[in-house]
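For reference, the structure discussed in these notes is given below.
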Amino acid sequence: MVMINKINLKVIVLILFLSGFMFEPKIVSADPELPLLGETGILNLKKEIELGSGLYKKLKEKGYVIEDPMLSRYLQDIGESLLSSLDFRVRDYYFYLVKDGSVNAFAAPGGYIGVNVGLIDITSSEDELASVLAHEIAHVELMHSMQMIERAKTINMASMISILAAILVSSQDVEAASAIIYTGIAGSAQSMINFTRANEYEADRVGVEVLKKSEYAPQAMADFMRLLQSREQGGELAGIEYLRTHPVNSNRIAEITSRLSGLQKKPPKSTRYQQFKDYLFYLYPENLPNQTVSRFSLALGYTRNGQYIEAEKIYRELIDSDPDSLWFNYALAENMEYQQRLTEASQLYHSTLLLFPDDLAIATRLVNVLLLQDLPQKALDIAMQLYENHKTKPTIYQLLVDTYTKLDNAPLRQLAEANYQWYNDNKKQAKIQYKALLSKGLLDVADEARVKEKLDAN
């Protein structure tokens, strides 16, 4: 729960976004299936994903990425719902929350889309958040970031050194860092900013079409932009970072509105968006200054302070009014878990999992509680129920590692550890572990075949 230095985050995002090609400037030929952008061609899809993945990993290493499974699942679900409206897609997408109170969101190459906590703070509905994600998806699908990278090749090494210097001094002197940043990259960065702004209308057009085909209300995009514009003009949100990278003006709002002309308004998608915000506020209160105190946030505050009885009373009242709420049931089970009421907690996690049978966040808590109760076989049964739909996610293998450890099954524990490394994009370490397992002959025929297939494909 550390407030992140805004200058630091902006600079780190910029340096990571640029460094991948500044120090590796070789441009490869475009894949024949992909459109050519610019006069010199583009980086191929593999390189695009490497850049986006590299940015994400570095932000994660620095502690900027929020990794709470409930929050992550919620954001990813919104993104996947939007992506289902695309006629065709060539890349997976990763949506993640960033520990920063400034109002911003950004799309990195390869489908890595970050959303600052500050932007969540000022949105009033899931539809508004979805409109931001739709716009960022459009930037990725239109490959605007890759076009920007082509232009950014003009940034010289001296400018890059200035940015690096800013990172080094920013923790001691924010004003000095700002001066270095803006003097070091002013000229070259301005052309990049202008280039990005020139694509905003195109991203709006595609984003609106994505929203039209989705379950979300397209009018939310115009509503959110009006909100930003009015608050900035009123000085309420002076210097909104999102408006620097996604400038809003009356013409842009008018064009979006015209694209919505004659379109029947959709009702708000979710009435539970506030529950998501409340839980986010519970974990990162310092990053959500505009958050209002609801009954749910009050109960979460009681939990945070160890006032479990007071919290439980409110949770049960809330569940009575909304029995199928994932957030209310999860919070009550978590509250029980903190009191070491493990049997009750596991029962509630299990009943909630029946309501949301593919929810990895709930399953993770349930497996962990079952292991604490020394019930590893039941934990394994739960983990394997979700395995088929989550076999590419590291979390499922971490659950299997913990479970096989309790079951004292060394070969399968080692295989789960190797799979965890593989799907956590640490393939070098995974290959070492796979080869060790193969050399010892510890795997059955099916697992051995799957391991060999991974090694051959890689």
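We did not get these values from a lab; they are worked out from the coordinates using the rules stated. For clarity, every value in this text was computed on a predicted model and none was experimentally measured. No Cβ is skipped: glycine too gets one built from the backbone with ideal geometry, and neighbour counts run over all protein chains shown.
The stretch between LYS454 and ASP322, if pulled fully straight at 0.36 nm per residue, gains 43.0 nm over its current Cα-Cα span.
For LYS46, a cut-off of 15 angstrom between C-alpha atoms picks up these aspartates and glutamates, skipping any fewer than 8 places away in its own chain: GLU24, ASP31, GLU33, ASP92, GLU141, ASP425.
Among LEU371, LEU211, the ranking by other beta carbons within 10 Å of each residue's beta carbon, starting with the fewest, stands as LEU371, LEU211. Applying a DSSP loop filter and a limit of 10 other Cβ atoms within 10 Å to the GluC sites (Glu not before Pro) in the stretch 332-370 leaves nothing.
Among the trypsin sites (Lys or Arg not before Pro) found in the stretch 61-131, those both in a DSSP coil and sparsely packed, with 13 or fewer other Cβ atoms within 10 Å of their Cβ, are ARG89. In terms of other Cβ atoms within 10 Å, LEU97, LEU443 run from fewest to most in the order LEU443, LEU97. With 0.36 nm allotted per residue and the present C-alpha distance subtracted, the GLU67-ASN424 stretch has 127.1 nm of extension available.
Checking every one of the chymotrypsin sites (Phe, Trp or Tyr not before Pro) in the stretch 383-413 against DSSP loop status and a limit of 14 other Cβ atoms within 10 Å picks out no site at all.
Rounded to the nearest 0.05, the FRET efficiency derived from the C-beta distance between ALA254 and SER84 at R0 = 35 Å is 0.75. The calculated FRET efficiency for the pair ASN389 and LYS212, based on their C-beta separation and a Förster distance of 25 Å, comes to about 0.30. Cross-link check: pairs LYS99/LYS452; LYS47/LYS99; LYS212/LYS313; LYS277/LYS427 evaluated at a Cα-Cα cut-off of 32 Å; pairs beyond the cut-off: LYS99/LYS452; LYS212/LYS313; LYS277/LYS427. The HN-Hα couplings worked out from phi for the stretch 89-99 by the Karplus form 6.51 cos²θ - 1.76 cosθ + 1.60 (θ = phi - 60°) are 9, 10, 9, 7, 10, 10, 9, 9, 8, 10, 6 Hz, whole numbers, x standing for Gly and Pro.
Neighbour counts of C-beta atoms inside 10 Å place ASP456, ASP127 in the sequence ASP456, ASP127, starting with the fewest.
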